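Asker: Below you will find the structure I want to go over with you.
We did not get these values from a lab; they are worked out from the coordinates using the rules stated. Here the structure is a predicted model, which means the values were calculated and not measured. Neighbour counts run over all protein chains shown; Cβ positions are idealised from the backbone, glycine included.
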Amino acid sequence: MKQHPAWLAAGLLVFVVLACNLGKNANTNTSNSGSNTNSSTEPDSGSGTFIKEIHMAKDDGGRPGDPTSTFEPGDRTVHCVTTLKEAKSGTNMKFSWWIVDADGTKNQKIKDIDYTTRALENVVHGHLTLPQDWPQGKYKVQVYINGDLDKTAFYSVQ
């Protein structure tokens with residue numbers, strides 16, 4: 001029996017179409033395991049559209065120091081470091097600092113800090129300094145990009 005090349009081509013085309021459709025249905029969820037220093041089991045809320053990486057850091061003379069998700073009450077200045085996927089001048093950022101559960105207070109905003117990026121700036125850090133020791137407990141920083149929640153970093157004071 002002679003095989004016709006048109007039937008062979010049609011069969012290959014059907015195979016390619018089916019393979020492409022199955023590839024579209026693959027799970028595209030990714031995890032930041034290893035790069036996320038959040039100590040909380042709460043979900044990382046936000047779209048993650050603009051921020052490539054986020055972490056908390058200890059203060060090192062007014063600059064972010066070692067990454068951590070655990071601070072001591074006497075660590076008066078706490079940094080939230082974000083790496084943007086794209087360095088774009090004029091990106092509006094807001095760092096929204098919250099008490100999750102600390103010293104009897106729950107779900108209370110501490111402060112919002114606004115910032116606008118400059119040209120070629122893709123690493124941005126927001127920091128918050130308290131005049132007294134931090135109360136022990138859980139905290140979070142929500143980072144908004146152009147008005148939309150993009151990532152949340154969690155940390156604790158022990």
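Asker: Over the range 60-116, what is the relative contact order in whole percent, taking alpha-carbon pairs under 8 Å and six or more residues apart?
Answerer: Once normalised by length, the contact order is 26 percent.
Asker: Another question about this same structure. How large is ³J(HN,Hα) for each residue in the range 64-75, as worked out from phi by the Karplus curve 6.51 cos²θ - 1.76 cosθ + 1.60 (θ = phi - 60°), to whole Hz, x for Gly and Pro?
Answerer: My calculation for the range 64-75 gives x, x, 5, x, 6, 10, 10, 10, 9, x, x, 6 Hz in order.
Asker: If you don't mind, another one. Which residues does the label zone of HIS125 cover in the range 50-74, counting backbone N under 12 Å from a point 7 Å along Cα→Cβ?
Answerer: 55-68
Asker: While we're here: Under a 5 Å amide H to amide H cut-off, with H placed in plane at 1.01 Å, what residues pair with MET93 once short-range neighbours are removed?
Answerer: For MET93, whose amide H was placed from the backbone, the distant partners under 5 Å are TYR115, THR116, THR117, ASN146.
Asker: Once fully extended, how much extra length lies between ASP101 and LYS58, figured as 0.36 nm per residue of separation less the alpha-carbon to alpha-carbon distance?
Answerer: 13.4 nm
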